[in-house]
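The values are calculated or read from the model by the stated rules, or taken from the named source; none is laboratory data. Remember, predicted model here, so these are calculated numbers, not experimental data. FYI the Cβ positions are ideal-geometry reconstructions off the backbone, even for glycines, and counts take in every protein chain you see.
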Amino acid sequence: MSTTTRHNWTKEEIIAIYNKPLMDLLFEAASIHRVNHDPNVVQVSTLLSIKTGGCPEDCGYCPQAARYHTDVEGNDLMSVSTVKAQALRAKSSGSSRVCMGAAWRNVKDGPEFDQVLEMVRTINKLDMEVCCTLGMLTENQAQRLAEAGLYAYNHNLDTSEEYYKEVISTRGFEDRLQTIENVRKTNVTVCSGGIIGMGESIEDRAGMLVALSTLNPQPESVPINALVAVEGTPMEDEKPVEIWEMIRMVATTRIVMPETQVRLSAGRTQMSREGQAMCFFAGANSIFAGDKLLTTPNPDVNEDMKMFELLGLQPQKPFIKLMQPETVEAEDSKFQALGEKPKWSRPEHKIERNLEAQAKGKEIQK
Ligand code: SF4
């Protein structure tokens, strides 16, 4: 058992770990977890949808894609004061991090991005870690976020490079890697993970972990989501992920990325407390709190706090791993909006189930 961080994992090695007898897998993951982390401390993040719905992308799992017909109501960008009020509420209920999500393909320079920068400044001044997930990002935009006081940027790889083409047709896997590279040119930490239960194979799960673990440095946090199959999306008929798959995925992630924060993300409402406890034992050490994860349901904060009490877990304080970034005010910024229009790819290959869902959505809207 190696407790050091390696950047040369192969798919075969990761598949072999994933398929180990469960007791061996749990023991190895828990042992590595204890060397690198306090096993009784779990970081709590609150995810806030600052701009909901109407997204031009076609991610097959996402109810916010404008082309599918779901119950998600679109909202314009939230005001800074609303974000501040929500962040204060999250802080008082034990969250150390606020992650702001906007349903955008990529960031565009202009008043809306300026407003997001002001949200970052505001939350950093509340002494909370600030994370954003805003889609694809240029280096200059990453620098501006860093200067405002951003602590982390989330940009999930979602799945393996091979299976990516079965999930999304409006952008390429390489665009994701490029954005992560842009973020890495700043002091902002990287949060990147994926989703299981989208019809992918174990090879694809391992492929995603190869892509993440061979990044150097590895992402500071890796969210593992179980698909929440939402009616109206192309993946509405996917079967729920079994708890054993989630435990195996968490344990394998912990083994190949010993130092990262492994986050239990979407799909927790379908998991029992016992199932979540096994995930914590297997190396998960972060959760999203709040009754909604962008648009999908999540356990109530009080329920989570009861679970923490039952399991003897403590919420992690902010800035344990890295110092709090400084906030530079807009008028003192070294960086200007460049108004860049980078050529993110548009592979536009066909994904039958996405096209079917789109056609069905159009029919319903008539
Ligand atoms: S996952 Fe993000 S990029 Fe994809 S459709 Fe949803 S909001 Fe848009």
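For this structure, a couple of remarks:
- With respect to (1) crowded, with 17+ Cβ neighbours inside 10 Å; (2) farther than 30 Å from GLU12 by Cβ, the lone exception for ALA284 is condition (2).
- Taken together, the residues in the range 214-249 that are surrounded by fewer than 23 Cβ atoms within 10 Å (Cβ to Cβ), out of contact with any Leu (no Cβ under 8 Å at 6 or more places or on another chain) and not in a loop (DSSP other than H, G, I, E, B) amount to 2.
- Among residues that are within 14 Å of the ligand (Cβ to nearest atom) and either in a loop (DSSP other than H, G, I, E, B) or over 18 Å from GLY149 (Cα atoms) (or both), CYS62 is included.
- Conditions (1) in contact with a strand residue (DSSP E or B) (Cβ under 8 Å, 6 or more places away or on another chain); (2) assigned to a loop (DSSP other than H, G, I, E, B); (3) within 15 Å of the ligand (Cβ to nearest atom): number failed by ASP71: (1)
- Exactly one residue among LEU150, LEU134, LEU126 is more than 30 Å from GLU238 (Cβ to Cβ) and either within 16 Å of the ligand (Cβ to nearest atom) or more than 20 Å from the chain's Cα centre (by Cα) (or both), and that residue is LEU126.
- Yes/no for THR252 being touching a Phe, Trp or Tyr at 6+ places or on another chain (Cβ under 7 Å), more than 30 Å from ALA87 (Cα to Cα) and buried (at least 24 other Cβ atoms within 10 Å of the Cβ): yes
- Candidates are the residues of the range 23-53 that are among the aliphatic types (A, V, I, L, M) and part of a helix (DSSP H, G or I); the one that is surrounded by the fewest Cβ atoms within 10 Å (Cβ to Cβ) is MET23.
- Taking (1) in a helix (DSSP H, G or I); (2) within 16 Å of the ligand (Cβ to nearest atom) in turn, LEU88 satisfies each apart from (2).
- Failed condition for THR46, given (1) touching a helix residue (DSSP H, G or I) at 6+ places or on another chain (Cβ under 8 Å); (2) within 14 Å of the ligand (Cβ to nearest atom); (3) of a type in the set (S, T, N, Q): (2)
- Among the residues of the range 83-98, not a single one is modelled with pLDDT under 90 and closer than 16 Å to GLN115 by Cα.
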